[in-house]
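Below is one structure, written out as structure tokens, with a few remarks after it.
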Amino acid sequence: MYPVHSIENDSNMVKILIADDHKLIRETWTYILNREPGFEVVGSCSNSEEAVKMTEEIHPHIVLMDINMAPYSGIEATRKIRDISPETRVIGVTMHSQPAFAKKMLQMGAYGYVTKNSSRDEMVNAILEVSKGNKFICDEIKDLIAENAEDQASSTAINTLTERELVVINLIREGNSSKEISEKLEISIKTVEVHRHNILKKLKLKNAASLIHFMNSSSMVI
């Protein structure tokens, strides 16, 4: 957990908390956003539990939330933040370009979603829009949604997946074994295997190879 900066006298500043498990990303966004007029990063943390705790303590206006976090996902953390600090608005920030993640984040109470392919200007615009109470989806995700709007069969199937199953899917796509997934998510290998079985059953697929092909061809649109 990183120190919180006091900005009690800056009532017009947008207070931002950065939650990401990569130190370089936290430091980079802190550097960039602190140089934007009207923004101030008031804290940063490396896991979802810290993100929820810090939000409860300082009630930032905006939380930039990575999805792949421990001990529980950024999606689950967003749900918790919505309950303990309704005035705080979460923007999902992730390497995943699947629209399914964006929808899950919004369902859990997030106001925005940007990928790590997004530019500085797009991130700044996301924070400005969300701070006004508007929803924001980055161009990359909007383009994917538009390209796959007619894929209704995939849409229905993917909509049955839970947020944890979506995280498992992307770890499979990245080439992680069940053991590696269990370590990253801090769950048992048996639980990972149950998730894998349920994912294949819901999507009516035979194995991990067919799952990866499905993801690539459908762009994971809900």
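Once you keep just the Cα pairs under 8 angstrom separated by 6 or more residues, what percentage relative contact order results for the chain?
16 percent
When only alpha-carbon atoms are used, what values of Rg and Dmax, in angstrom, describe region 76-146?
11.5, 34
Using the alpha-carbon centroid of each, what span in Å lies between region 54-106 and region 168-211?
Rounded to whole Å, the Cα centres lie 23 Å apart.
Largest first, please: the extent of the C-alpha atoms of the chain along each principal axis, to the nearest Å.
If we take the Cα atoms of the chain, the spans are 59, 38, 29 Å.
For region 31-41, in order, what is each residue's ³J(HN,Hα) by Karplus, 6.51 cos²θ - 1.76 cosθ + 1.60 with θ = phi - 60°, in whole Hz (x at glycine and Pro)?
4, 5, 6, 5, 9, 8, x, x, 10, 8, 7
What shape does region 26-91 take by its C-alpha gyration tensor, where a ≥ b ≥ c are the square roots of the eigenvalues and a/c under 1.5 counts as rounded, a/b above b/c as prolate, and the rest as oblate?
Since a/c reaches 1.5 but b/c is at least a/b, the shape of region 26-91 is classed as oblate.
Place a +1 charge on the Cβ of each Lys and Arg in region 1-127 and a -1 charge on the Cβ of each Asp and Glu, then give the dipole magnitude about the Cα centre in debye, rounded to the nearest 20.
That gives a dipole near 400 debye.
With charges set only on the Cβ (+1 for Lys and Arg, -1 for Asp and Glu), what does the dipole of the chain come to about its Cα centre, in debye to the nearest 20? Don't skip to the end; give the middle numbers.
Details: 26 positive and 31 negative charges, 166 e Å.
Using only the charged Cβ atoms, the result is roughly 800 debye.
Mind running the shape call on region 94-133? Use the C-alpha gyration tensor, a ≥ b ≥ c as the square roots of the eigenvalues: rounded below 1.5 for a/c, prolate if a/b tops b/c, oblate otherwise. Could the numbers behind the result be given before it?
Working: a/c = 3.55, a/b = 1.14, b/c = 3.12.
It comes out oblate by the Cα gyration axes.
Using the C-alpha atoms of region 4-118, what convex hull volume per residue, in cubic angstrom, is computed? Numbers along the way, then the final one.
On the way: hull volume 10.5 nm³, N = 115.
For region 4-118, the hull spanned by Cα atoms encloses 92 Å³ per residue.
Tell me the mean residue ellipticity at 222 nm calculated for the chain from its helices only (DSSP H runs of n ≥ 4, each -39500 (n - 2.57), averaged over every residue, nearest 500). Working shown, then result.
Numbers: 11 runs with 115 residues, N = 222.
So the calculated ellipticity at 222 nm is -15500 deg cm²/dmol.
Using +1 at the C-beta of Lys and Arg and -1 at the C-beta of Asp and Glu, which of MET65, ALA51, ALA100 has the Cα lying farthest in the positive direction of the dipole of region 1-136?
It is ALA100.
Read the figures in this text as sums done on the coordinates, not as results from a lab. Bear in mind that the values here come from a model prediction, so they are computed numbers and not experimental data. Glycine gets a Cβ as well: all are built from the backbone with ideal geometry, and neighbour counts include every protein chain shown.
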